[in-house]
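Comments concern the structure below.
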Amino acid sequence: MSLYDKILILTGAGMSAESGLGTFRDENGIWSQYNFEEVATPEGYSADPQRCLDFYNYRRDIHKNAEANAAHKALARLEAEYPGEVVVVTQNIDNLHELAGSHRVIHMHGQINKAKCNDCGHVYALSHGNIELTTMCPSCKVVGSQRPDVVWFGEMPYHLEEIQREIDSCFLFISIGTSGSVYPAAGFVNMARKAGAHTVELNLEPSDGAVQFHEAHQGKATEIVPRYVEKLMHEAAIAQKKVVR
Ligand code: APR
């Protein structure tokens, strides 16, 4: 029975799908309805900032009503109760891990509830309202240069050095609800394997990189994540009893 000193969990859009937030590449996914080059690249923003802001303002409205689901709650419980460290790296720009109660969450693709000034780089919380062309940067006071603090295609994801350290020091790597089609996140499983971690995929269907995992389980996140967390807790309890004896 295994007791892992550190568990690193990578989450993607499938984690929040049952909270009503769409995925990107499934049938009827967000990228089948919108051209990502127009709304999720620096070039798309430069060409038509209003179109880009409209897209994120619309998505922010959907996010406002979203609630953490059973999968988010299971990971929060794991962090609170597991005898080892539990760290979540998410590609998601929602705050559902935090709403569920997780504290150690690394947002590698930014957060939709934050804005960034394209002029001075200041990042700030959007406590209410949306980003408009008339929004003023609270730091440098420039108007017309505000954008969502999300990482677009062609931009460098956040916290990569910290994530590398977490991968190098994890003993179990779990990937949940991601198609494994966007790098660098898609390469984390390989890095974790090289670091000696056991690797597990929990996804609705086998992802593009499913064969790279030691174990893969298919199903809805709200079903397979709580089940897997239960198994980890059970194994940890048995391992701890063995140590005590
Ligand atoms: N439970 C578990 N997995 C699910 C569920 C569900 N209820 N619904 C869908 N999935 C799976 C899909 O089968 C798919 O493999 O989640 C995955 C979602 O994949 P994508 O839509 O590609 O989302 P993601 O991997 O998070 O995308 C990565 O791409 O567009 C960028 O920046 C964006 O962060 C995003 C990145």
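Figures for the structure shown
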| quantity | calculated |
| --- | --- |
| Condition check for ALA76: more than 16 Å from the ligand (Cβ to nearest atom) and out of contact with any Leu (no Cβ under 6 Å at 6 or more places or on another chain) | yes |
| Qualifying residue in the stretch 122-129 (condition: β-branched (Val, Ile, Thr), within 16 Å of the ligand (Cβ to nearest atom) and modelled with pLDDT of 95 or more) | no |
| All positions within the stretch 178-211 that are more than 14 Å from the ligand (Cβ to nearest atom) and of a type in the set (D, E, K, R) | ARG193, LYS194 |
| Residue in the stretch 79-121 that is nearest to GLY22 (Cα to Cα), counting only those that are within 16 Å of the ligand (Cβ to nearest atom), among the polar types (S, T, N, Q) and part of a loop (DSSP other than H, G, I, E, B) | ASN92 |
| Unique residue being away from the ligand (no atom under 16 Å from the Cβ), touching a strand residue (DSSP E or B) at 6+ places or on another chain (Cβ under 8 Å) and more than 23 Å from LYS73 (Cα to Cα) when the list is HIS214, HIS159 | HIS214 |
| Scan of the stretch 1-21 for residues that are farther than 19 Å from ALA100 by Cβ and surrounded by fewer than 21 Cβ atoms within 10 Å (Cβ to Cβ), ordered by number | MET1, SER2, LEU3, ASP5, LYS6 |
| Residues of the stretch 183-203 satisfying the condition of being within 14 Å of the chain's Cα centre (by Cα) and over 22 Å from ALA71 (Cα atoms) | TYR183, PRO184 |
| Residues (aliphatic (A, V, I, L, M) and either surrounded by fewer than 16 Cβ atoms within 10 Å (Cβ to Cβ) or touching a residue at least 24 places away in the same chain (Cβ under 8 Å) (or both)) located in the stretch 181-199 | VAL182, ALA185, VAL189, MET191, ALA192, ALA195, ALA197 |
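So that you can scan it fast, the table gives a plain yes or no per residue for (1) hydrophobic (A, V, I, L, M, F, W, C); (2) closer than 15 Å to THR11 by Cα:
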residue: ALA195; (1), (2): yes, no
residue: VAL200; (1), (2): yes, yes
residue: GLY209; (1), (2): no, yes
residue: GLN212; (1), (2): no, no
residue: GLU215; (1), (2): no, no
residue: ARG227; (1), (2): no, no
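The values are calculated or read from the model by the stated rules, or taken from the named source; none is laboratory data. A quick note: this is a predicted structure, and the numbers were derived from the prediction, not measured. Neighbour counts are summed over all protein chains in view; Cβ atoms, including those assigned to glycine, are modelled from backbone coordinates with ideal geometry.
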